[in-house]
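Here's the structure we're looking at; comments come further down.
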Amino acid sequence: MENNKIQENKDKFLVLLKSIQRPGIDKLVDWLESKSDFFTAPASTMFHGNYEGALCEHSINVYELFSEKNKRYDLGLSEDSVKIMGLLHDICKVNFYKLSSRNKKIDGQWRAIPWYDVEDEFPIGHGEKSVIILMSYIGLTNEEKMAIRWHMGGYEPESNYRTLSVAWDKYKSGACLHTADLEASNLLEIKIDYEKSFKQTKMNI
């Protein structure tokens, strides 16, 4: 992603986040800006958003889709809740990916291809990790906790399906956050094939 687009997404994200009227939000903003890689981190290693700046981009996309669902399905969520759930559901991915490289054989020669490795310094889960991080800065409603905790939906281990179903029966916003996440990652965002990009770059030289 180009640097100007990364900055544009950062500015947009911060305007939305700073508009949240909840004690502690200023400390969360400070942490994201000064002690995290949120604005430059990828959203994954090899799926959607496997490139610099994609985590912030993905978070904005999910927020916008989730905001639309809040209105369409009359979920009754406040603007603050929509922003917290949409913008921050993947905060567990902060300081999580490290830029690296992998060797791939291309045209008979080994080449170093860009790659992101995972370095999980707080291995406590995915959705639950986001909830824990957020609650160290701001208070969350039960609905916010449930939706963020279970936003992975069917990607959860099968042993969690019953609990997931109970949570979504209680709060329909959970299913909506999950589908917003799916739509953003599968319809709005891309995956970069670094091996293919390397070959194309070589051909253009």
Here the residues of segment 129-173 lying in the modelled label zone of S34, meaning backbone nitrogen under 16 Å from a point 7 Å along Cα-to-Cβ, are 137
Considering only DSSP states other than H, G, I, E and B, which trypsin sites (Lys or Arg not before Pro) in segment 1-98 qualify as loop sites with at most 11 other Cβ atoms within 10 Å?
-> K35
Using only C-alpha positions, report the orientation-averaged shadow area of the convex hull of the chain, nm², one decimal.
-> 12.9
Return the subset of K71/K93; K27/K93; K27/K69 for which the Cα-Cα distance in this structure is over 21 Å, preserving the input order.
-> K71/K93; K27/K69
Derived scalar couplings ³J(HN,Hα) [segment 48-53; Karplus, 6.51 cos²θ - 1.76 cosθ + 1.60; whole Hz; x for Gly, Pro] | 4, x, 8, 8, 4, x
State the extension gain, in nm to one decimal, for the chain segment bounded by D74 and L14, taking 0.36 nm per residue of separation less the distance between their alpha-carbons.
-> 19.0 nm
One would report the antiparallel percent of DSSP beta bridges in the chain, rounded to the nearest 5, as 100
Taking the Cα centre of the chain as origin, sum charge times position over the Cβ atoms of Lys and Arg (+1) and Asp and Glu (-1), and report the length of that vector in debye to the nearest 20.
-> 340
Using θ = phi - 60° and the Karplus curve 6.51 cos²θ - 1.76 cosθ + 1.60, what whole-Hz ³J(HN,Hα) does each residue of segment 124-132 get, with Gly and Pro shown as x?
-> 10, x, 10, x, 5, 5, 4, 4, 4
What range in the chain is the longest one free of GluC sites (Glu not before Pro) that are in a loop by DSSP and have at most 15 other Cβ atoms within 10 angstrom?
-> 3-118
Cα centroids of segment 146-187 and segment 1-28: how far apart, whole angstrom?
-> 25
Amide H contacts under 5 Å for I113, restricted to residues at least 5 apart in sequence or on another chain and with H modeled in the peptide plane, are R102, N103, K104
Could you give me the radius of gyration and the Dmax of segment 1-65, taking only the C-alpha atoms into account and expressing both in angstrom?
-> 12.0, 36
Enumerate the amide H contacts of L140 below 5 Å, restricted to partners 5 or more residues apart or on another chain; note that Pro and chain-start residues carry no placed amide H.
-> none
Starting at the first residue of segment 172-188, write each ³J(HN,Hα) from the Karplus equation 6.51 cos²θ - 1.76 cosθ + 1.60 with θ = phi - 60°, in whole Hz, x for Gly and Pro.
-> 5, 4, x, 5, 5, 5, 4, 5, 5, 4, 5, 5, 4, 6, 9, 10, 9
Taking 0.36 nm per residue of separation between N95 and D107 and subtracting their Cα-Cα distance, the length gained on full extension comes to 0.9 nm
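We did not get these values from a lab; they are worked out from the coordinates using the rules stated. Note that this is a predicted model, so its numbers are computed, not measured. When we count neighbours, we look across all protein chains shown, and the Cβ atoms used for this are built from the backbone with ideal geometry, even at glycine.
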